[in-house]
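One structure below.
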């Protein structure tokens with residue numbers, strides 16, 4: 001591997017759960033659909049069209065310490081109540097954020 005210049009992420013190769021991604025299943029840290037794409041398909045890959053499977057209806061959530069941005073959704077950099085698309089709420093839950101839904105606004 002060193003002769004060819006390949007670098008291997010040891011943590012990923014040791015943990016077989018990180019190696020198996022079944023296309024069509026949900027990615028555990030994002031709640032988005034696992035998609036098989038080749039190198040040439042990366043440029044035209046639209047994450048909203050190809051990977052977001054949960055609704056985009058807005059929900060009010062109470063969140064502590066939100067990230068500033070998820071995809072193109074800006075979140076306030078303070079804790080409190082914010083309105084986000086439902087798939088962003090799923091993303092926050094999957095990442096262990098301190099978040100709870102207050103109500104769906106649809």
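Each value in this text was obtained by applying a stated rule to the coordinates, not by laboratory testing. These figures come from a predicted structure and were not determined experimentally. Please note: Cβ atoms are built from the backbone with ideal geometry, for glycine as well, and neighbour counts cover all protein chains shown.
Brief remarks follow.
- Going by neighbour counts of Cβ atoms within 10 Å, the residues 39, 86, 91 line up, fewest first, as 39, 86, 91.
- Ascending count of other beta-carbon atoms within 10 Å, so fewest first, for 72, 62: 72, 62
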